[in-house]
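Structure, as C-alpha cells:
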Amino acid sequence: MTVTSTPNPDSGALVAEAKARGAFTYVLDGSALTDKAATLGAIAGLLRFPEHFGRNLDALYDCLTDLSWLPAGEHVLVWVGANALKDSDPRTYLAVHGTLSDAQRRSARAASGRRAAGSLFCWPIPDVRPADTRARFDQAPTAST
C-alpha cells in the first residue's frame, strides 16, 4: 500500500489526481468499519467482487490481484477513516493493510513499472473530517465480458 508523506492527505486530491490519469477511483468510508467482516464486505461491495469471494484475507488478495471483472485500466482504492478499524481491532487493521499492500506490490510488479490493465493502487487515510468521507464509485465499473 502506498502511504503518502502527508499525515492526513486530502482524499479529494488523491481522487482528482487518479482521475486525471484516467484511473477508476473508489472511495471507501471506513469510519464505521470496526471489524474484519464489515471491512472485507465493504471492500467487496465497493469493488463489486464476484459472488465466489470467500470473505477472508486470502480471497481478498486473490480478488485484488485479478480484477478481470472490472474494465481494463488502473483502479485506485482510497480508504478514508481507516483509524476506526485500527483503533477497534489493531490486528485486523494490520492484516487488511498488509493484504492491500501485498496486492498493490504484485500489481506494480505485473505492470513492469507502468500502470497496466487491471492494476491496483491503494491509499489508507487514517483520519479525515466526517465531511470528507464518502463511500461511492467515482466511475462505475462495467462488466468486461
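Fewest-first ordering of 28, 77, 46 by other beta carbons within 10 Å of each residue's beta carbon gives 46, 77, 28. Annotation for residue 20 and residue 52: the two label points, set 7 Å from Cα along the Cα-Cβ direction, are 4.0 nm apart.
Average projected area of the Cα convex hull of the range 10-97, in nm²? Intermediate results must be reported in sequence, preceding the final value.
Numbers: hull surface 22.4 nm².
Its average projected convex-hull area is 5.6 nm².
For the range 27-93, the Cβ-based charge dipole about the Cα centre amounts to some 120 debye (Lys, Arg positive; Asp, Glu negative; other atoms uncharged). Say R0 is 35 Å: what FRET efficiency, to the nearest 0.05, do residue 91 and residue 66 get from their beta-carbon distance? Computed FRET efficiency for residue 91 and residue 66 comes out at 0.85.
Throughout, read-outs are computed from the coordinates displayed, never taken from laboratory work. These figures come from a predicted structure and were not determined experimentally. As a convention, Cβ positions derive from the backbone with ideal geometry for all residues, glycine included, and neighbour counts pool all protein chains shown.
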